[in-house]
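Asker: Before I ask anything, let me first share the structure, which is written out below as structure tokens.
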Amino acid sequence: MNILILGGAGFVGSNLVRRCLKEPGNNLLVVDSLDPRLKSTTAHLKRVWPKIEFIKGDLRDASLMKKVVQKKDVIFNCAAQTSHPLSLTDPFFDVEVNCLGNLTLLEAVKKYNKKALVIYPSSSTVIGRSSEKAVDETHVERPLDIYSANKSVAEKYYRIYNRVHDLNTLSIRFANLYGPYGKGYPEFGFINYFIARAFDGKEIPIYGDGNQKRNIMYIEDAAELLYQCISHQDIFGHVYFAVHREHHPVIDIAKEIVSVYGKGKIKKVAWPDVRKRIEINNVAISGAKLYNHIPYKPKYRLREGLERTKKIMETVI
Ligand SMILES: NC(=O)c1ccc[n+]([C@@H]2O[C@H](COP(=O)([O-])OP(=O)(O)OC[C@H]3O[C@@H](n4cnc5c(N)ncnc54)[C@H](O)[C@@H]3O)[C@@H](O)[C@H]2O)c1
């Protein structure tokens, strides 16, 4: 298959590159803007570099999108502005990438490659604070920050291009992914930040009592799910949650990280004002709708995922 991975230097993208390379016969084109505001580099692609074609380029560049979407069987769009706090301090940047960027891609696919399968990793945070005990795709969307609002808007674009222009689009909502090749900075996913702090033997800050529960998923499971979607064309045109059945308080996740890494120290700190305002509280999501269609279910439990992450970090760094 000819596969295009946009945002392929990022956390999800670079793991997905590895998953796609497991299949002989896959040709991979990876595009990433390597935007310094998002602390992106090609470091995580170093080991797979000889096996991929890479273009430093932007999702918002219509002429580039025209060129790269052609002759592709599958397009994964992992290119995004992914920081919740940055989306609040620079909302226009978030709109440019997460709204205009997705529209630029969809227009290119509409004009130059209508047959491609286009898969969009969305976010569970589109729902905001959950009003029900178990959340599924029928839950109302009340996003609490600009990033989550724009992820929700982009999902609608993908759906509209499916309904109106017959594109094969699919949105998969993930929640709190963790694992190797993640960004160890506080403004991105919190589990990868905790892992980086433990790896460096530093303090791991927990907001409040840490009892807020989260669905989490190991990244190799997420990459496998995205890849499996290719073989299930009946799910295109829809939106699905993709979560592991595990659901942990933040404090327990931090404790498990300290236990696996044998380093790091948990420190409870006061909630920063902005974090409190966008906090989603306890959310328990069901992935049942997707797993009715796809035979693969996320298999790595937290400890196993952390152990795999540690092993890869120790080999790569
Ligand atoms: N990591 C998670 O826990 C998680 C959870 C839910 C959804 N998602 C979604 O998965 C996707 C990938 O997230 P991630 O965690 O890998 O983030 P990431 O920040 O690690 O990767 C995003 C990549 O996109 C690139 N990029 C940004 N703007 C671009 C542009 N205009 N043109 C080309 N490339 C651009 C960045 O340079 C970066 O390498 C995002 O859509 C995100 O919303 C991630």
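Asker: Those residues that are surrounded by fewer than 22 Cβ atoms within 10 Å (Cβ to Cβ) and not acidic (Asp, Glu), I need them from segment 150-166; list them, please.
Answerer: Val153, Lys156, Tyr157, Arg159, Ile160, Asn162, Arg163, Val164, His165
Asker: Going by the conditions given, is Lys66 touching a residue at least 24 places away in the same chain (Cβ under 8 Å), away from the ligand (no atom under 13 Å from the Cβ) and assigned to a helix (DSSP H, G or I)? Even if it seems obvious, please write down each step before you answer.
Answerer: Values: touching a residue at least 24 places away in the same chain (Cβ under 8 Å): yes; away from the ligand (no atom under 13 Å from the Cβ): yes; assigned to a helix (DSSP H, G or I): yes.
In short, yes.
Asker: Follow-up question, since we're still on this one. Which one is least open to solvent (accessible area, probe 1.4 Å) among residues in segment 262-317 that are β-branched (Val, Ile, Thr), under 21 Å from Ile219 (Cβ atoms) and in a helix (DSSP H, G or I)?
Answerer: At the first step, the residues of segment 262-317 found to be β-branched (Val, Ile, Thr) are 266, 269, 274, 278, 280, 283, 285, 294, 309, 312, 315-317.
Those still in the list that are under 21 Å from Ile219 (Cβ atoms) too: 280, 283, 285, 294, 309, 312, 315-317.
Filter again for in a helix (DSSP H, G or I), leaving 309, 312, 315-316.
Working: Thr309: 0, Ile312: 46, Thr315: 88, Val316: 60 Å².
Only one residue tops the list, namely Thr309.
Asker: Right, here's the next one. In segment 101-207, which strands (runs of 3 or more DSSP E) lie fully inside it and hold 3 or more residues that are within 10 Å of the ligand (Cβ to nearest atom)?
Answerer: On the way: elements: 117-123, 168-174, 203-207.
Of the strands (runs of 3 or more DSSP E) lying wholly inside segment 101-207, those with at least 3 residues that are within 10 Å of the ligand (Cβ to nearest atom) span 117-123, 168-174.
Asker: Here's a follow-up. State whether the residues of segment 214-235 include one that is free of Cβ contacts under 8 Å to residues at least 60 places away in the same chain and under 25 Å from Ser152 (Cβ atoms). Break it down into steps so the answer makes sense when it comes.
Answerer: The initial filter retains those residues of segment 214-235 that are free of Cβ contacts under 8 Å to residues at least 60 places away in the same chain, namely 231, 234.
Restricting the remaining residues to those that are under 25 Å from Ser152 (Cβ atoms) gives 234.
Yes, the conditions are met somewhere in segment 214-235.
Asker: Just wondering, is there one or more residues in segment 37-52 that are within 11 Å of the ligand (Cβ to nearest atom), under 21 Å from Leu167 (Cα atoms) and either surrounded by fewer than 18 Cβ atoms within 10 Å (Cβ to Cβ) or touching a residue at least 40 places away in the same chain (Cβ under 8 Å) (or both)?
Answerer: Narrowing segment 37-52 to residues within 11 Å of the ligand (Cβ to nearest atom): 37-45.
With under 21 Å from Leu167 (Cα atoms) added as a condition, the list becomes none.
No, segment 37-52 contains no residue that is within 11 Å of the ligand (Cβ to nearest atom), under 21 Å from Leu167 (Cα atoms) and either surrounded by fewer than 18 Cβ atoms within 10 Å (Cβ to Cβ) or touching a residue at least 40 places away in the same chain (Cβ under 8 Å) (or both).
Asker: A follow-up question, please. Output the qualifying pairs, or none if there are none: Cβ atoms under 6 angstrom, residues six or more apart or on different chains, first residue in segment 111-128 and under 12 Å from His165 (Cα atoms), second residue open to solvent by less than 10 Å² (accessible area, probe 1.4 Å).
Answerer: Asn113/Val69
Asker: Quick check on my filter: what residues within segment 112-136 are closer than 29 Å to Ser14 by Cβ and open to solvent by 40 Å² or more (accessible area, probe 1.4 Å)?
Answerer: The answer is Tyr112, Lys114, Lys115.
The values are calculated or read from the model by the stated rules, or taken from the named source; none is laboratory data. The structure presented is a predicted model; accordingly, all values stated were derived computationally and were not measured. With ideal geometry, Cβ positions are generated from the backbone for all residues, glycine too; neighbour counts draw on all protein chains shown. Accessible surface areas use protein heavy atoms only, side chains included; no ligands, DNA or RNA. Shrake-Rupley method; radii C 1.70, N 1.55, O 1.52, S 1.80 Å.
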